[in-house]
Amino acid sequence: MEVEKVKSIMVDAIVLGRGPLGIYTSLVLIEKGYKVLNVDAGKQLKNLKSSLKVNSNIEWKTKVEAPSLNINGSNFHWGGGCMGWPLEDLESDYPEFGFDEKNFIKSNNRIVKYLEIDDFDFLKNHPNSFYEDDFINTTIGDIRYTYLLKDIKFEKIISVLESNKNYEFKDGVIAKKISEIDDKLTIDFYLKKRNEYFQIKTEKLFICLGGVENSRILQNSENTLNLSKHHLLRNLNDHLRLNIGEIEVNDINRFKKIFDKKKNFVGEKHLWPRYILHSKSNKSYSYFKDWRYNNLFIRRFTSQNFKNNIKTSGTCNLYLFVEKVNSKNTFIELENNINPDSFKVNFYLDRNEITKINKIINSYAENLIEDFVEYNLRFKKVKYLKTEKDISKVISSNHPSGTTPMGKVSTNSIVNHKSQLWENNDIYIFGSSTFTRPHYIHPTYPSLVFADYALSYLSDK
């Protein structure tokens, strides 16, 4: 599609973004009879990232690792880690999503089928069953799992899309602003290689650009869409990762059988076990890495088969994965009104948050020893956030969320339970930016479920 020809074009639907959400949305729309224009920034994503300024006292990963399935846009891609939004927590937080539970379950089941998964319960984040040789004692504590897809099959899905006459893809184009002109949605685009702006009109717009970019285009369209300023950009959240201690275990292989992702699988798919302590204030889990035998001879010279079948002591590191709580020190803002790409991220852990995180660290250390008393666990050291240096080692998980939150009423949210913008129901926002909080889960799978839920209400063309 040449730029000269798209200036006056009218399409049924525009999908911004060609990641997992953009691909799935395009597929569903075509099945419903819509003609779809799918637009992706491609290599221009790097320019957008370079214009993003970050003020933070931790390592905020999204600045350099914003993922994309488009190899031109990023070297980082979704790795296939899937966790579902737990059903018991669906309406337990404020603001509530407002989902109909039966329809939410139907959407969950459709995404399971779409990803060709038949051995995992994403409403509980637990496999339906384990292989007999991989018995896990689930009576110990609360263990949930991340399902690791081996083959995501997106190249196959993209080829299906591109073979459909109702699908058009445009790469290397940045969506700048949304307006309403003559009762039609009009999107301003920029094509850098021609240094040219152009407009496309559409009946429906689906924004699937990620936590920061979803916010960017809405912020740039605040006046043209008469958006409420009450919550837009002010609820930036993310997951935090930090090493909270080294543990020594009397039988390292037995402990690895419970918590090493290389030891847990269903079929050919690996599972990554997560040890969870539930809290209303901060959702979190812990996981174990860096397994190491204490005996130097066993570590260096013994065959792997022998290592796996002996009882010997060893160590591993315990990592905390926790959501950042809402704070007045965490938000996105325009640096100035002249350049609409001059975004600035403020992402600070304040003293109140640090105190809460240290309490969570202490809880994991205490409960882990109690829940696994038969393993004679011993913390060689518990690492708390005490100094600025400790805080600077905290890493965000590249899961920005909350900047366009979903809710039952417009006074505390940006989109409704169908992911529609309150001010215009023909604009849909998909992705973790609509989450009211990050929870303890990886965001891609629930984002797909949320998108399917919205699309299920959309009439066929």
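The values are calculated or read from the model by the stated rules, or taken from the named source; none is laboratory data. Note that this is a predicted model, so its numbers are computed, not measured. Neighbour counts run over all protein chains shown; Cβ positions are idealised from the backbone, glycine included. These area figures cover heavy atoms from the full protein model, side chains too; ligands, DNA and RNA do not enter into them. Shrake-Rupley method; radii C 1.70, N 1.55, O 1.52, S 1.80 Å.
For Glu323, indicate whether it is at pLDDT 80 or above, touching a strand residue (DSSP E or B) at 6+ places or on another chain (Cβ under 7 Å), surrounded by fewer than 20 Cβ atoms within 10 Å (Cβ to Cβ) and closer than 29 Å to Val394 by Cα. When the stated conditions are applied, Glu323 does not pass them.
Of all residues in the stretch 410-442, exactly one satisfies the criterion of being assigned to a loop (DSSP other than H, G, I, E, B), in contact with a Phe, Trp or Tyr (Cβ under 7 Å, 6 or more places away or on another chain), over 17 Å from Val28 (Cβ atoms) and open to solvent by 20 Å² or more (accessible area, probe 1.4 Å), namely His417. Considering only residues of the stretch 443-461 that are in a loop (DSSP other than H, G, I, E, B) and in contact (Cβ under 8 Å) with a residue 60 or more places away in the chain, which is nearest to Ile207 (Cα to Cα)? Going through the qualifying residues, I end up with Leu458. Total residues in the stretch 365-381 satisfying the condition of being within 23 Å of Asp142 (Cα to Cα) and either assigned to a helix (DSSP H, G or I) or of a type in the set (Lys, Arg) (or both): the figure is 11. Would you check if there is a residue in the stretch 105-112 being open to solvent by less than 20 Å² (accessible area, probe 1.4 Å), in a loop (DSSP other than H, G, I, E, B) and among the aliphatic types (A, V, I, L, M)? No: zero hits.
When you scan the stretch 21-54, how many residues do you find that are open to solvent by 20 Å² or more (accessible area, probe 1.4 Å), touching a Ser or Thr at 6+ places or on another chain (Cβ under 7 Å) and outside any loop (DSSP other than H, G, I, E, B)? Selection size over the stretch 21-54: 2. Of the residues making up the stretch 374-389, at least one is open to solvent by 40 Å² or more (accessible area, probe 1.4 Å), free of Cβ contacts under 8 Å to residues at least 40 places away in the same chain, more than 30 Å from Tyr34 (Cβ to Cβ) and of a type in the set (S, T, N, Q). Mind checking whether some residue in the stretch 298-320 is closer than 19 Å to Tyr375 by Cα, modelled with pLDDT of 90 or more, under 33 Å from the mean Cα position of the chain (by Cα) and loosely packed, with under 15 Cβ neighbours inside 10 Å? No, because not a single residue in the stretch 298-320 is closer than 19 Å to Tyr375 by Cα, modelled with pLDDT of 90 or more, under 33 Å from the mean Cα position of the chain (by Cα) and loosely packed, with under 15 Cβ neighbours inside 10 Å. Of the residues examined, Tyr384 is one that is within 29 Å of the chain's Cα centre (by Cα), closer than 15 Å to Ser286 by Cβ, assigned to a loop (DSSP other than H, G, I, E, B) and not β-branched (Val, Ile, Thr).
The residues of the stretch 224-247 that are open to solvent by 40 Å² or more (accessible area, probe 1.4 Å), at pLDDT 95 or above and either in a loop (DSSP other than H, G, I, E, B) or not polar (S, T, N, Q) (or both), listed by number, are Arg241, Glu246. In the stretch 262-280, of all residues being at pLDDT 80 or above and in a loop (DSSP other than H, G, I, E, B), the one that is surrounded by the most Cβ atoms within 10 Å (Cβ to Cβ) corresponds to Asn264.
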